[in-house]
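Just below is one structure, and these are the notes that go with it.
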């Protein structure tokens, strides 16, 4: 058994009898698991203590992105793939460089999902509402959307002063993420990348 990390789709309607949950995890049979919801976005970050067979079963799904078991490996030649896997899930990926480790990438995922989770918990709002992308400028958001994001920053005691109208959503998230303290899941610490 080994702790492995995955980005998986979200399933469920959010109703009491059909709660939001990571796809495939109901049938995975992992001995231990920790899941982080991406707010109201359609993805989860999952840490699971899995066997080789369980890992093969989960990572074999086309809509699952699996991190390597050795999180201290540099992204290296997989840079374009890693950036694409993140961006496809509306997670900023352009900040990742070849010398970053997968532990750094996990921190980036965890941080954005933490901010999105707080946003949803405080206002039932999504970051990526209709028409909003990572490249949308803050000036193009509604005042309510900007206020919700600023409220989350203040609640988390993050400096929001660098966010202006010409800041993209990608840049705003990155600015806020860089201020969160490093954390981890299931005993694996993540590292914030410079």
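Could you list the square roots of 5 times each eigenvalue of the Cα gyration tensor of the chain, that is, the equivalent ellipsoid semi-axes, sorted largest first and rounded to whole Å? Walk me through the numbers before you get to the answer.
Working: eigenvalues 150, 80, 42 Å².
Over the Cα atoms of the chain, the semi-axes work out to 27, 20, 15 Å.
Relative contact order of region 2-189, please, whole-number percent, based on alpha carbon pairs below 8 angstrom and at least 6 residues apart.
Values: 279 pairs, mean separation 37.7, N = 188.
That works out to 20 percent.
Taking the Cα centroid of region 135-161 and of region 8-72, what is the distance between the two, rounded to the nearest whole Å?
Each part's Cα centre sits 29 Å from the other's.
Express in nm, to one decimal, how much length is gained between residue 186 and residue 133 on full extension, taking 0.36 nm for each residue of separation and deducting their alpha carbon distance. Spell out each step's value before the answer.
Values: separation 53, 0.36 × 53 = 19.08 nm, distance 3.09 nm.
Additional length available on full extension: 16.0 nm.
Just need the relative contact order of region 71-158 here, percent rounded to a whole number, with Cα pairs under 8 Å and 6+ apart. Each step should come with its number before you reach the end.
Values: 63 pairs, mean separation 21.8, N = 88.
Once divided by the residue count of region 71-158, the mean separation gives 25 percent.
Among 37, 88, 151, whose mean-square fluctuation peaks in a Gaussian network model of the chain (Cα, cutoff 10 Å)?
88
Quick check on the chain: helices-only [θ] at 222 nm, where DSSP H runs of length 4 and up contribute -39,500 (n - 2.57) each and the sum goes over total residues. Nearest 500, please. The partial results should precede the final answer.
Numbers: 5 runs with 62 residues, N = 194.
Value at 222 nm, helices only: -10000 deg cm²/dmol.
How far is helix 79-88 tilted off the main Cα axis of the chain, in degrees rounded to 10, range 0 to 90?
Computed tilt is about 70 degrees.
For the Cα atoms of the chain, what angle does the longest principal axis make with the long axis of helix 102-123, in degrees from 0 to 90, nearest 10?
Result, in degrees: 60.
Using only Cα atoms and rounding to the nearest 10 degrees, what angle (0 to 90) does helix 143-155 make with the longest principal axis of the chain?
Between helix and principal axis, roughly 60 degrees.
Please find the FRET efficiency linking residue 155 to residue 21, where r is the Cβ-Cβ separation and R0 is fixed at 35 Å, and quote it to the nearest 0.05.
On the way: r = 26 Å, r/R0 = 0.73.
For residue 155 and residue 21, the calculated efficiency is 0.85.
Name the most mobile residue of 93, 39, 165, meaning the one with the largest mean-square fluctuation, in a Gaussian network model of the chain with Cα contacts below 10 Å.
Highest fluctuation of the listed residues: 165.
Name the shape class, rounded, prolate or oblate, that the alpha-carbon gyration tensor gives for region 31-92, where a ≥ b ≥ c are the square roots of its eigenvalues, rounded holds for a/c under 1.5, and otherwise prolate holds if a/b is larger than b/c and oblate otherwise. Can you show the working numbers first?
Details: a/c = 1.71, a/b = 1.11, b/c = 1.53.
Oblate, because a/c is 1.5 or more while a/b does not exceed b/c.
Taking 0.36 nm per residue of sequence separation and subtracting the Cα-Cα distance, how much length would be gained by fully extending the chain between residue 79 and residue 1, in nm to one decimal?
Values: separation 78, 0.36 × 78 = 28.08 nm, distance 2.76 nm.
The span from residue 79 to residue 1 would gain 25.3 nm if fully extended.
A short reminder: the numbers here are calculations on the coordinates, not readings from a lab. Just so it is clear, the model here is predicted, and its values are computed rather than measured. Neighbour counts are summed over all protein chains in view; Cβ atoms, including those assigned to glycine, are modelled from backbone coordinates with ideal geometry.
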